[in-house]
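Before any comments, here is the structure.
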Amino acid sequence: MEQEKFARLCSATGRGMNEGYCFGDGEAYFIKEVDAYDYALSIGYKGLQDAFDDEAYYYTEWEEIDDDVWYDAEGNEYSN
């Protein structure tokens with residue numbers, strides 16, 4: 001069985017993720033909305049909508065995983 005690959009690491013949990021909230025140009029990633037909300041507050045926004053309106057984050061799915069560097073569900077990094 002092939003191991004599931006993840007494109008990014010959640011900044012709150014350290015777990016691999018293939019969809020979620022991306023702040024800035026990859027300064028922070030979050031799987032859960034509550035963690036994204038807390039981060040938005042920590043960088044000076046009144047909430048997620050305020051951060052979204054200011055284009056501080058977006059929600060995305062990474063469908064293609066870079067085969068050079070990727071992560072497992074536990075957040076371990078692998079490279080070829």
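Where a number appears in this text, it was derived from the coordinates with a stated rule and is not lab data. Since the model is a prediction, treat every value here as computed from it, not as a measurement.
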Task: Mean separation of Cα contacts under 8 Å (6+ apart) over length of the chain, as relative contact order % - done: 37
Task: Helical mean residue ellipticity (222 nm; -39500 (n - 2.57) per DSSP H run of 4+; nearest 500) of the chain - done: -5500 deg cm²/dmol
Open item on the list: Full-extension gain between PHE52 and GLU4, please, as 0.36 nm times their residue separation minus the C-alpha to C-alpha distance.
Closed with: 14.3 nm
Task: For the range 1-40 versus the range 51-80, the gap between their alpha-carbon centres in whole angstrom - done: 6
Task: Ratio Rg/Rh [Cα only; Rh per Kirkwood] for the chain - done: 1.02
